[in-house]
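K.L.:
Sharing a structure with you now.
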Amino acid sequence: MDIVFLILQCIGVVSFAVTGTIIAIQKRLDVIGALVFALLTSFGGGMIRDIITGNVPRLFLQRDYYIMEAFCIATSLFCFHIAFIPRVGKFLAKHQHNFILEFTDAIGLALFCVLGVDCTRALVGENAAPILLIFGGFITSVGGGMLRDICSAQIPSIFRKNIYLIPAVIGATLYVITAQFIPQMLALSISAALIIAIRLLAYFFKWNMPVHKEKDA
């Protein structure tokens, strides 16, 4: 089971590293900015979770292969962008919320959400309150994106982008509940699949939360 969770964590890191790097390219940052955005997106949420649960040293700092993984992904993607800048640059500028970005973001959101629940349980204990497990799950999945967006001087995506925070909360809640009655891996798979499905459906059908609109005087 441990190797399965390790593989899922690696996939989540890759997904968020790709997302962070693409956004850095869209913001016209240099390679250092791309690396910072990749690391922030991948590990920022886990850092917030660890600080809240009092885990020192931070969990991701104990596993340097995660950092090297994000570093390699960000560097490779940025170099690819430089090599094919006439095509890739125009494509990313024209399609700011392209499918690749949304798909990798959905995978990272889903995996980090359910794995965040398990990490919180491991840090706090089996008797952790369900609300704390749910909070640990969704903050792990959205916290990195929040820090990345703040660094890029924009309102975090969770407050303005289609349906984003809701699937994380739903997925974490479903995982906490179902893991008590069915095998853990099955509960994890169902919850992650639901998060990905909601995110992609929101992207394709342009689902958004209602916002206040000022009326013309």
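K.L.:
Out of curiosity, is Tyr203 crowded, with 19+ Cβ neighbours inside 10 Å, of a type outside the set (Val, Ile, Thr), more than 14 Å from the chain's Cα centre (by Cα) and farther than 28 Å from Gly54 by Cα? Give the derivation first.
P.N.:
Working: crowded, with 19+ Cβ neighbours inside 10 Å: yes; of a type outside the set (Val, Ile, Thr): yes; more than 14 Å from the chain's Cα centre (by Cα): yes; farther than 28 Å from Gly54 by Cα: yes.
Considered against the rule, which asks whether it is crowded, with 19+ Cβ neighbours inside 10 Å, of a type outside the set (Val, Ile, Thr), more than 14 Å from the chain's Cα centre (by Cα) and farther than 28 Å from Gly54 by Cα, Tyr203 comes out as yes.
K.L.:
Taking region 175-190 only, how many residues are in contact (Cβ under 8 Å) with a residue 12 or more places away in the chain and among the hydroxyl-bearing types (Ser, Thr, Tyr)?
P.N.:
Adding up the residues that qualify gives 2.
K.L.:
So in region 1-28, with the set limited to residues that are part of a loop (DSSP other than H, G, I, E, B) and in contact (Cβ under 8 Å) with a residue 60 or more places away in the chain, which one is nearest to Cys113 (Cα to Cα)? Break it down stepwise before answering.
P.N.:
Step one: of region 1-28, the residues part of a loop (DSSP other than H, G, I, E, B) are 1, 27-28.
Next cut, in contact (Cβ under 8 Å) with a residue 60 or more places away in the chain only: 1, 27.
Values: Met1: 18, Lys27: 26 Å.
Among those residues, the one meeting the criterion is Met1.
A quick yes/no check of all residues on (1) among the hydroxyl-bearing types (Ser, Thr, Tyr); (2) under 13 Å from Thr53 (Cβ atoms); (3) touching an Asp or Glu at 6+ places or on another chain (Cβ under 8 Å):
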site: Phe103; (1), (2), (3): no, no, no
site: Cys113; (1), (2), (3): no, no, no
site: Leu133; (1), (2), (3): no, yes, no
site: Thr140; (1), (2), (3): yes, yes, no
site: Gly144; (1), (2), (3): no, no, no
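K.L.:
Same structure again: Mind counting the residues in region 34-73 that are at pLDDT 80 or above and of a type in the set (D, E, K, R)?
P.N.:
Number satisfying all stated conditions: 2.
K.L.:
A follow-up question, please. Are there any pairs, at least 6 apart or on different chains, whose C-beta atoms fall under 6 Å, with the first in region 154-174 and farther than 19 Å from Met185 by Cα and the second not in a helix (DSSP H, G or I), and if so, which?
P.N.:
Ser157/Tyr164; Ile158/Tyr164; Asn162/Trp207; Asn162/Asn208; Ile163/Trp207
K.L.:
Out of region 152-197, which residues are in a helix (DSSP H, G or I) and either at positive phi or touching a Gly at 6+ places or on another chain (Cβ under 8 Å) (or both)? Before you say what the answer is, go through the steps one by one.
P.N.:
At the first step, the residues of region 152-197 found to be in a helix (DSSP H, G or I) are 157-159, 165-178, 184-197.
Once the filter is applied, which keeps residues that are in a helix (DSSP H, G or I) and either at positive phi or touching a Gly at 6+ places or on another chain (Cβ under 8 Å) (or both), region 152-197 yields Ser157, Ile158, Ala168, Gly171, Ala172, Tyr175, Val176, Ser191, Ala192, Leu194, Ile195.
K.L.:
Return the total of residues in region 29-42 being in a loop (DSSP other than H, G, I, E, B) and surrounded by 24 or more Cβ atoms within 10 Å (Cβ to Cβ).
P.N.:
We begin by selecting, within region 29-42, every residue in a loop (DSSP other than H, G, I, E, B); these are 29-30.
Imposing the further condition that a residue be surrounded by 24 or more Cβ atoms within 10 Å (Cβ to Cβ) reduces the set to none.
Total meeting the criteria: 0.
K.L.:
Between Ile150, Ile131, which is more than 10 Å from the chain's Cα centre (by Cα), within 21 Å of Ser42 (Cβ to Cβ) and without any contact (Cβ under 8 Å) to a residue 60 or more places away in the chain?
P.N.:
Checking each option against the conditions leaves just Ile150.
K.L.:
What pairs can you find where one residue is in region 200-216 and at negative phi, the other is surrounded by fewer than 13 Cβ atoms within 10 Å (Cβ to Cβ) and at pLDDT 80 or above, and their Cβ atoms are less than 7 Å apart, with a gap of 6+ or different chains?
P.N.:
Every condition considered, no pair remains.
The values are calculated or read from the model by the stated rules, or taken from the named source; none is laboratory data. No experiment lies behind these values; they were computed from the predicted model shown. Heads up, the Cβs are rebuilt from the backbone with ideal geometry, glycines too, and the neighbour counts pull from every protein chain shown.
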